[in-house]
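S.K.: Sharing a structure below in structure tokens format, with a few things to ask.
The values are calculated or read from the model by the stated rules, or taken from the named source; none is laboratory data. Just so you know, these numbers come straight off a predicted model, no measurement behind them. In this analysis, Cβ positions are derived from the backbone assuming ideal geometry, glycine residues included, and neighbour counts consider all displayed protein chains. For the accessible areas, the whole protein counts, side chains as well, though only heavy atoms, and no ligand, DNA or RNA atoms are used. Shrake-Rupley method; radii C 1.70, N 1.55, O 1.52, S 1.80 Å.
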Amino acid sequence: MTAPIRLLLVDDHPVVRAGLRAVLTTSAGVEVVGEASTADEALGQVRSLPAVDVVLMDLRLGDGADGVEATARIRALPHPPRVLILTTYETDNDILRAVQAGATGYLLKDADPDALVRAIRSAAAGETVLAPMVASRLLDRMQSPATALSPRELEILGRVAQGDSNRDIARASSISEATVKSHLVHIYSKLGVDSRTRAVIAARERGLL
């Protein structure tokens, strides 16, 4: 008899965790062995629980660190479990950061229970699992790399959207103001705009922020 897939649920909403546990407990071959609401709790659970196979990870957590950071920290452990993102957020920035952090897959919370269980099984087997929309966005980025914003450009644009000045951005990113200005020039060119405000608007229209 095949051993069940040992699953850790990570979401800062207890009701969501309870709903997922209820759905997954009835699924053959999946055993929910723990829950966490923060990045630190998730890391602690992975370290203390025996042989977690898959972590089902939300992007927005309750301790300041998000699911991407938690994913990166978990994947840096010796013999880490697979991490499958399950979230309501679907911006290009979220998707790209999660994949770069080592997530095996990225699903949205509107996935039906059967699709979720299949994704967990695929993730446990080491297969990449992407919601159709997510796969389409990643493909678009690969097909048009000249206009795709880099992770650093997305970071800077996000700070621009928060109202940070070039000096603030330079200090937070440990780069010079001249480098920030250079990045902004590239961002404007890729988005086809000529100002900070228009860049933010264009990025939000494209789902980058």
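S.K.: 7 Å from Cα along Cα→Cβ at both Ser182 and Gln100: what's the point-to-point distance in nm?
M.R.: It is 1.7 nm.
S.K.: Using +1 on the beta carbon of Lys and Arg, -1 on that of Asp and Glu, and nothing else charged, what's the dipole of the chain about the Cα centre, debye to 20?
M.R.: Numbers: 24 positive and 26 negative charges, 96 e Å.
Dipole magnitude for the chain comes out near 460 debye.
S.K.: Packing-wise, with mean Cβ within 10 Å as the measure, how do 120-126, 43-49, 82-88, 191-197 rank, highest first?
M.R.: 82-88, 120-126, 43-49, 191-197
S.K.: Restricting the calculation to Cα positions, tell me the Rg (one decimal) and the Dmax (whole number) of the chain in Å.
M.R.: Just the Cα atoms of the chain yield Rg and Dmax of 18.7, 62 Å.
S.K.: Roughly how many Å² is the accessible area per residue of the chain, as a whole number, for a 1.4 Å probe?
M.R.: Here the residues of the chain average 50 Å² of exposed surface.
S.K.: Also: Could you point to the residue in Ala148, Val23, Val185 farthest towards the positive end of the chain's charge dipole, with +1 and -1 charges on the Cβ of Lys/Arg and Asp/Glu respectively?
M.R.: Value computed over the given set: Val185.
S.K.: Placing unit charges on C-beta atoms (Lys and Arg positive, Asp and Glu negative, everything else neutral), compute the dipole magnitude of segment 154-209 about its Cα centre in debye, rounded to 20. Walk me through the intermediate numbers first.
M.R.: Values: 9 positive and 6 negative charges, 13 e Å.
In debye, rounded to 20, segment 154-209 gives about 60.
S.K.: For segment 161-209, what is the convex hull volume of the alpha-carbon atoms per residue, in Å³?
M.R.: Each residue corresponds to 72 Å³ of Cα convex hull volume.
S.K.: Okay, next question. What list of ³J(HN,Hα) values in whole Hz, one per residue of segment 81-89 in order, does the Karplus curve 6.51 cos²θ - 1.76 cosθ + 1.60 (θ = phi - 60°) give from phi, with Gly and Pro shown as x?
M.R.: x, 6, 10, 10, 6, 10, 8, 9, 8
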